1. Determine, for TYR63, TYR32, the number of other Cβ atoms within 10 Å of each Cβ, and report the residues in order from fewest to most.
2. Would you mind ranking MET25, MET80 so that the residue whose beta carbon has the fewest other beta carbons within 10 Å leads the list?
3. Exposure proxy check: ASP41, ASP46 ranked by fewest other beta carbons within 10 Å?
4. In square nanometres, what is one fourth of the surface area of the convex hull spanned by the alpha carbons of region 18-87?
5. Which residue, TYR32, GLY45, ALA73, has the largest displacement toward the positive end of the dipole of region 18-87 when charges sit on each Cβ (Lys, Arg +1; Asp, Glu -1)?
6. Give me a comma-separated list of calculated 3J(HN,Hα) values for region 38-49, in order, Karplus coefficients 6.51, -1.76, 1.60 applied at θ = phi - 60°, integers in Hz, x for any Gly or Pro.
Amino acid sequence: MKQDRLIKTIDTSKAPWCRKTKAEMLAEVREYGHQLQFASDEFRGDRDVVLAAVRQSGWALKYASEELKCEMAECWAKCMEQEVKNEL
């Protein structure tokens, strides 16, 4: 006989990564960029925090807000375009 399993949802408001200040989050992602994956939505959308994380590990961009991902992709495209012009 199969038993029903109760799946509990995580209350993220009580999670340690949601109680960090911006200064604490910046310090953490400067050392371990991938920690952005555990950041609150607020920090995933914070330009300073995301840039610090991406500087440490480019893969951290994966965890940034969609808005910042698009913004950074546009910036990257402009940089590459400028680099190509400089080479000509």
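Only the coordinates and a few stated rules stand behind these numbers; no lab work does. None of the values given here were measured: they were computed from a predicted structure. Neighbour counts are summed over all protein chains in view; Cβ atoms, including those assigned to glycine, are modelled from backbone coordinates with ideal geometry.
1. Least crowded to most crowded, the residues run TYR32, TYR63.
2. Taking fewest neighbouring Cβ atoms as first place, the list is MET80, MET25.
3. Exposure proxy ranking, most exposed first: ASP41, ASP46.
4. For the Cα atoms of region 18-87, the hull's average projected area reads 4.7 nm².
5. TYR32
6. Residue by residue, region 38-49 yields 9, 6, 5, 4, 4, 6, 5, x, 8, 4, 4, 5 Hz.
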